[in-house]
Every structure is written in C-alpha cells, then in structure tokens.
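Engineer: Quick one: the structure is below, questions incoming.
The values are calculated or read from the model by the stated rules, or taken from the named source; none is laboratory data. None of these values were measured; they are calculated from a predicted model. As a convention, Cβ positions derive from the backbone with ideal geometry for all residues, glycine included, and neighbour counts pool all protein chains shown. For accessibility, only protein heavy atoms count, side chains too; no ligands or nucleic acids. Shrake-Rupley method; radii C 1.70, N 1.55, O 1.52, S 1.80 Å.
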Amino acid sequence: MIDTQTPVTGDEFFNRSETLKRLLITGRNYALIGLRKSGKTSILYEFEKRLKKPDTIPVHIYLLFSETERSFLTKYAAAVLYSFLERTETAITEPRENLNDLIVKTIERLPALTSDLIAVLNELDKKPDIGIASRILEIPYLLSRHTGNTSIIILDEFQVVQNFNIDMIDLLRQKIQTQRGVYYVVAGSAIGMMQGILTSSASPLFGHFEILSVGSFDYNWSRCFVTTHLHRSGLVIGEKLLNFLIAASGGFPYYLAVLADRIIEYCNTGSIKQVNQKAIIHAFDRDVFDTSGKIFVYFTDSLENTFQRRNIGFHIEILKAIASGSTKQSQIARYTTKMPQELSRPLRFLERTGFVTRNGVEYFMTDPMLKMWLSVAYPLQMELSFIKDGKRLDAFDKKIEEMITTYRRELGKGSESRVRELFRDFGGLELHHTKLPKFTEVEQRVIDGNEFDIVARYGEQYWIAEVKPGNINATDVNRFVEKLDKIVYTIDSTLIVALAGIDTDALRVAEENKIRVWDRDDVNFLMKLCGKFPILL
Ligand SMILES: Nc1ncnc2c1ncn2[C@@H]1O[C@H](COP(=O)(O)OP(=O)(O)OP(=O)(O)O)[C@@H](O)[C@H]1O
Ligand SMILES: [Mg+2]
C-alpha cells in the first residue's frame, strides 16, 4: 500500500532535495507554500529528521483548524519546553500536553527562568491577551540565551493564526526582528492567504521569510516515483501508459500516489504483472470520476474550503468555463451568462488561490487533473447521477479511454509536428514577456533545397524555427545560421526549440546571431495553456 493519507518520510519520501538543502541552511526563516496535499508536511518531517546540528533544536508544532488563542499558546509553550527537555534529559516522562509539569521540570534545570515561567502559568489562567502571547513567544529566546542553543520553530498550517483576535503576525515580526537564536519554518496550504501573510508588502512579515514553494514533481521524479512503487509490488508499466499517468497528473505527488496505489491493487487482484490500459481506466474510474474517490473528494473539499463564504456555485462555473477552453473574460462571461465586469473580482481571487494562471488577457487552469475533473469527470457525474451504476461506469470508461487514445495519438505524432501545431494555436499568449503572433500559415517548408521545420507567417513577416529532439551543440546552430543566410523572406524572428537541452557554446552562438532559444519547459508552458499534453521526452 502506498501511503496517501499521511505525510511520508524515509523510503517513501521522494525528490525535494533542493527545498531540503535550503531549509538545512539554518539561521533564517522559511515559509513553505503549496496547494493542499502538495507535500508540505512531508518536507517538514524529513527536514526535522535530517537536521543533525548538535546545538539546534527543532520544535514541531502542528496547528489545527479549530485552534483557539489559548490552545495555540499552550501548545506552543509546551512544545518548546518539551523539545528543550528532550535534549537535556535521557528520558522525559511528562506528556507533551502537560504544560504545568513541563514548566516545573524546566525550572529545575534552569532556575534563572523561574519568574518568567511562573508568570506564564499565572497569566494563562486569564483570558489570553497580547501580553501573555508576547511572554510565551519569548520562551524560546529565553532558552536560547541561557543555553546557547538555537531553536527552529516549525509551524504547520500557519495560516490558522490569522483567525485569532490577537495579532500574532505582528507579534512574531517584533520577535523575529529584535531577537536572535530562534528561527521559524512555517507551512500553509491556503496559498492566497499564506502569500498575503508573507509576501504582500502590507504584511508585517513581509521580507522576513524566504518563500519556498512546494509544487509538482518534474518529469523524471514523477517517473521515478511511479516506477519505484510499481517495482516494489513486482509490476512493470509501458512507456505510453506511464507518460499518460504523468501528463494527466501534472506530476502532483498526491495524484500519482493515489493512482499508483489503485493500479497496484487492481493488478494484484487480477494477478497481472504488466500494467495495462484497463488498470489505468479502473484507477481513474474509482479515484477521479467516482464521488467517493480520493481525488474526487480532494477536489470537492479543496473547492469548498477555498470558497467558504464566497459564492461557490459561481466560482465553480467560472472554473468550468476555463477548464473547458473559455479563456478570455468575454468568453467566460458568455459561458457563465454574466457580464464581463462581474468576473473581474472572482477571477482575481481564483488567480490568488493558484487554481488559475493568467497569461496576458487569458486564463488557464494550473492543474491538469483539476482541469480534467472540472471539464469531464464532474459534469459527467452530475449528468449521470440518476443512472444506474453499471451504465455510469461504462460512460466513465468510455471517456477515460477516449482521453488515453487522444494522448496516444498525440504521442504518435512526434515532437516536431506537435510543436508545429502549437505554433498554430499560441497566438496572443505571452512567453518571457513577449506577446506571440497569431500566424496565418505554419508549415514545414523546403527553401532553396534547405528544409525548415517551421516556417510561420503573419502578415508579411516570418518566424523561422528549428525543432531539435536531441541535445544541441554549436555546430547545429551554425548550420541553422547558414541555412537562414540564404532566405530572402522578411524575417521577424528566428528560433531554436531545444527539447533536450543545449550546450553553452551553442547558446552563445545563438545569442550572437540573435536567434531565440526555447527549451522544453517553455514549450510545455505553452502546451499547457493551449490545452495540450506536454512533450515529455
Ligand atoms: N515528497 C514526497 N514523496 C512521496 N510522496 C509524497 C511526497 N509529498 C507528498 N506525497 C504524497 O502526498 C500525500 C500528502 O502529503 P503531505 O501530507 O505531506 O502534504 P501537505 O501539503 O502537508 O498536505 P495538507 O495540505 O493536507 O497538509 C502523501 O501522503 C503522499 O502520498
Ligand atoms: Mg500538511
């Protein structure tokens, strides 16, 4: 079984070495920001495990959504003292929750803190206010001053502190700014909210935290994750199905974990050793299309949580519009039968949540799985909700099969012609802050005996591009330059699409000749915006 419900560490933990490396450079404050289930808590655990500095004490505090000021402050103080005592004693018997006992124990060790800690106890009996909050947030600094140790306070689900009447954020800023020896690593899932707390220049914590965003796995890590789990269960999977899984999940580890787990269960039950299309269809049926499926529930939960007091139906209609290909505000307005100006605020909000990405004047779904769910699974589920189970499953199967077939067909085309199709579609989008033209003609063409992968025209201007599936060296670029020299068209731009990388020498030659270079990420960025599957290899 793959763990999909709790944070993972050790053998179950993949990737994230960049983030861990940063976190392990202690001595500053960090904020992990990512969508729900993106793997924040897993990173925090793994960080704590790998943090092996003798004088640095991690204090892990997990906030609950129902936390009150009092429960938070008590939890905070207890966790700090517990972690300190754990370091100084071989066996600590007090339960983590029992603040009184922990205080008594700490006073035995550090009598100098007696008056401060007794004051905490006395004040905690009253209604929590800024005074007691300040006193409690001071505890790790007091410990640090007396022991020389550094504390790293890990606060998971940090956005919860916003619900308090006490301005915890401003208080934290005061402490962080004026004191030494204590650092914070915070994590939170409500992206918009966390960004508001940490990065908006109006926020008191602005500039005090280094932001680390927790996103999807890249292609190689997604691959490693899926194949490792399948191998552990004695299964193999073919390239195309594997690539479909990765493309459909967008590399989001939680989706990969849920689907791989279901595939393993299916294959084990049927004593199958090689993952087949049926297994994939089954996994999507159960986990994405079925109302009780993990990914289905994940989506309904996160949409519900995100929109809380806003008009959820309206926001979902907007998302459905975008997921189904209405990308401009006017198109979304038509789809939702609203006035375009009514959409400005909700669209800005959707952008802030991370569900939607804007490019120029167009909006796109960030997550391919959510896009598929909103445009295919959810509508189909609603449409068929009165139909019997068997029939409904057939309809789901057919849809998923269609998606896999479309993907196989796409893959069969080869990268060069897929990039050509992209050129027909990307007009109006922006890449590297440049607006891309709407071409009226895009084709492969032989000019003066030389073959060009892409010759694209808008008005009287041309873009000429070379698409390379292999690594590019300086000779390749020079050859392209020679071919270009003979062309008499009015050339607006020349471009090399380097799908598998490019040497530094080659880059230099390209720059000298004013040839643009796009890499696979650039292409896949546009592929995504155009609703196409990414180029993976
Ligand atoms: N680095 C990883 N390696 C392997 N699996 C991962 C990794 N990160 C996340 N997962 C998968 O995603 C699930 C959720 O991870 P985790 O609980 O760490 O996310 P989170 O961002 O803290 O979620 P929440 O928003 O619910 O707090 C895990 O159970 C696991 O299946
Ligand atoms: Mg978590």
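Engineer: Looking at the range 453-470, is at least one residue under 24 Å from Asn220 (Cα atoms) and open to solvent by 70 Å² or more (accessible area, probe 1.4 Å)?
Structural biologist: yes
Engineer: Same structure, new question: Taking only the range 143-159 into account, find how many residues are open to solvent by less than 20 Å² (accessible area, probe 1.4 Å) and either free of Cβ contacts under 8 Å to residues at least 40 places away in the same chain or in contact with a Phe, Trp or Tyr (Cβ under 6 Å, 6 or more places away or on another chain) (or both).
Structural biologist: So the answer is 5.
Engineer: Can you pull out every residue in the range 13-40 that is more than 6 Å from ligand 1 (Cβ to nearest atom) and either open to solvent by 30 Å² or more (accessible area, probe 1.4 Å) or without any contact (Cβ under 8 Å) to a residue 60 or more places away in the chain (or both)?
Structural biologist: Selection gives Ser17, Glu18, Leu20, Lys21, Arg22, Leu24, Ile25, Thr26, Gly27, Arg28, Leu35.
Engineer: If I ask for residues that are among the charged types (D, E, K, R) and within 13 Å of Leu526 (Cα to Cα), which ones from the range 427-443 would you list?
Structural biologist: Those that are among the charged types (D, E, K, R) and within 13 Å of Leu526 (Cα to Cα): Glu430, Lys435.
Engineer: Another question about this same structure. Where in the range 156-269 are there helices (runs of 4 or more DSSP H), lying wholly inside it, with at least 1 residues that are within 19 Å of Leu63 (Cβ to Cβ) and aliphatic (A, V, I, L, M)?
Structural biologist: Helices (runs of 4 or more DSSP H) meeting the threshold: 168-178, 191-198.
Engineer: Only one of Arg392, Arg420 is touching a Leu at 6+ places or on another chain (Cβ under 6 Å), assigned to a helix (DSSP H, G or I) and either open to solvent by 30 Å² or more (accessible area, probe 1.4 Å) or not acidic (Asp, Glu) (or both); which?
Structural biologist: Arg392
Engineer: Quick one: which of Val161, Val80, Val120 is aliphatic (A, V, I, L, M), closer than 30 Å to Leu32 by Cβ and within 16 Å of ligand 2 (Cβ to nearest atom)?
Structural biologist: Answer to the selection: Val161.
Engineer: So which residues in the range 230-272 are within 18 Å of Asn15 (Cβ to Cβ) and free of Cβ contacts under 8 Å to residues at least 40 places away in the same chain, if there are any at all?
Structural biologist: Selection gives His231, Arg232, Leu242, Leu245, Gly251, Leu256, Leu259.
Engineer: Given the options Ser83, Ser71, name the one that is within 20 Å of Ala187 (Cα to Cα) and open to solvent by less than 30 Å² (accessible area, probe 1.4 Å).
Structural biologist: It is Ser83.
Engineer: Among the candidates Leu51, Leu64, Leu44, Leu121, which residue alone is among the aliphatic types (A, V, I, L, M), surrounded by fewer than 20 Cβ atoms within 10 Å (Cβ to Cβ) and within 16 Å of ligand 1 (Cβ to nearest atom)?
Structural biologist: Of Leu51, Leu64, Leu44, Leu121, the one residue that is among the aliphatic types (A, V, I, L, M), surrounded by fewer than 20 Cβ atoms within 10 Å (Cβ to Cβ) and within 16 Å of ligand 1 (Cβ to nearest atom) is Leu64.
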